Structure formats: C-alpha cells, structure tokens
Amino acid sequence: MESQPTTPEKPAAAASPRPSVAARTAAGPSSAAAARPARSAARGTEVDPNDPDFKRRYVLRWLMWGSAIVFFVQSALAGLAMFWPRRVTGFGSRIDAGPLANFPVGSVTPFREGKFYLSRLEDGIIALYWRCTHLGCTVPWREEENLFHCPCHGSIYERTGQNIAGPAPRPLDYMTVEIVNGRVIVNTREIHERSVHLPEHVTPV
C-alpha cells in the first residue's frame with residue numbers, strides 16, 4: 001500500500017512583541033505624563049550656585065528688592081516729616097539777638113543767620129532787612145561812610161534804612177522787634193515794606 005505524501009506543516013507564527021493598538025492607547029498617556037514630570041523635576045534641581053547666570057540673577061533680584069525697600073522707607077519718613085514739628089532757628093523764625101546792652105547807640109550789628117542788621121538809634125532799635133529794595137542785592141554796612149552802600153547799582157541808605165541815593169525806590173524793609181526781659185527778639189517772619197522811614201518803625205528802648 002502506497003503511502004500518501006504528507007504536506008509539511010507550517011510553523012506557528014512567532015508571537016509579535018509589539019503591543020496592540022488598544023494597549024498602546026491605554027498605556028501611552030499615563031507613561032508620557034509620568035515621564036514629563038520626571039524630566040521637569042530633574043531640570044528644576046539642576047541649579048549650579050557657581051553658574052555666572054545664576055549669580056547675576058541672584059544679585060539683580062536682591063538689588064530690586066533692596067531698591068523697593070529703600071523707596072518705601074524714604075516715602076514713610078517723608079510722610080512722617082509732614083506731621084513732625086520742626087524748629088526753625090534761622091531766617092523765617094524768631095531770633096534772640098542777645099541782651100540790649102550789647103547794642104550801644106550808634107552801632108550797626110549784622111546777623112547773617114537772620115539776614116538783618118540791628119541798628120541802634122538814639123530813640124530805639126530797628127532791625128533792617130539787608131536786601132536792597134532795587135534788585136535784591138545784599139547791602140553791606142560801611143563803617144567808614146556811616147552808610148549802607150549797595151555794591152550792585154550804588155543805592156545808598158542811612159542807618160535808619162532811609163534811601164538817599166541810587167535807583168532804590170524806597171527804604172530798606174524792617175522786621176518786627178520786641179524787647180523781652182532785656183533781650184532783643186527779632187521776628188524775621190514779619191518783614192514790613194515802607195515808602196519812607198517813620199519814627200514808629202523804631203522799637204523804643
């Protein structure tokens with residue numbers, strides 16, 4: 001009996017190592033999401049303190065915050081200064097010129113702090129604002145002339161402040177003077193203009 005030829009069997013197909021589409025779809029997002037934070041976390045920890053860029057950013061950050069703090073402090077101090085009483089001791093305040101005995105008759109004493117002269121007359125004392133009534137130059141007292149002589153345009157004033165020559169249109173202004181317990185107090189806030197010198201401009205002593 002003749003034997004029938006046998007057909008060789010096909011070898012079984014090897015199992016594919018690639019996952020199915022459904023498996024890749026299910027696993028893909030979660031694995032990618034897990035990888036991204038890992039990379040981000042890795043980047044966040046990779047800071048080298050010796051890196052010049054890092055040092056520059058660090059310095060700039062502190063400069064920015066330091067400037068903001070200084071500005072805030074200055075603003076706060078300026079605001080407080082508006083409510084803090086200040087003692088004015090120069091021009092614009094009441095100045096204690098000293099005992100009346102320091103100013104003998106005929107004397108003319110300059111007070112640079114208050115911008116005035118104390119002129120002691122026979123009938124009293126007057127504080128003359130040393131600003132020329134022409135254009136505002138400082139008028140010096142010239143002892144050798146017994147006159148105030150403005151160096152700018154030649155205006156001349158007597159020891160009472162009365163103008164007698166030059167372009168000045170009126171006498172020197174005068175300030176309020178009080179005698180308190182034998183001391184001469186000049187109020188440089190109260191400056192009086194006048195068209196001519198009068199006896200009532202002098203404080204009796």
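The values are calculated or read from the model by the stated rules, or taken from the named source; none is laboratory data. Everything numeric here is computed off the predicted structure, so don't read it as measured data. We place every Cβ from the backbone using ideal geometry, glycine too, and count neighbours over all the protein chains shown.
Observations
- Selection status of ARG189, touching a Gly at 6+ places or on another chain (Cβ under 8 Å), over 15 Å from ASP96 (Cα atoms) and outside any loop (DSSP other than H, G, I, E, B): no
- Qualifying residue in the stretch 99-119 (condition: out of contact with any Asp or Glu (no Cβ under 8 Å at 6 or more places or on another chain), touching a residue at least 60 places away in the same chain (Cβ under 8 Å) and under 17 Å from HIS197 (Cα atoms)): yes
- Residue within the stretch 129-145 that is in a loop (DSSP other than H, G, I, E, B), touching an Asp or Glu at 6+ places or on another chain (Cβ under 9 Å) and not aliphatic (A, V, I, L, M) present: yes
- With respect to being at negative phi and not in a loop (DSSP other than H, G, I, E, B), GLU200 fits the description.
- Screening GLU143 with (1) more than 35 Å from the chain's Cα centre (by Cα); (2) crowded, with 18+ Cβ neighbours inside 10 Å; (3) free of Cβ contacts under 8 Å to residues at least 60 places away in the same chain gives one miss only, at (2).
- Qualifying positions in the stretch 82-111 - surrounded by 10 or more Cβ atoms within 10 Å (Cβ to Cβ) and either at pLDDT below 85 or outside any strand (DSSP E or B) (or both): VAL88, THR89, GLY90, PHE91, GLY92, SER93, LEU100, ASN102, PHE103, VAL105, GLY106, SER107
- If you check GLU178, GLU190 for being surrounded by 12 or more Cβ atoms within 10 Å (Cβ to Cβ), among the acidic types (Asp, Glu) and within 37 Å of the chain's Cα centre (by Cα), only one passes: GLU190.
- Residues being assigned to a strand (DSSP E or B) and touching a Phe, Trp or Tyr at 6+ places or on another chain (Cβ under 6 Å) - total across the stretch 154-174: 2
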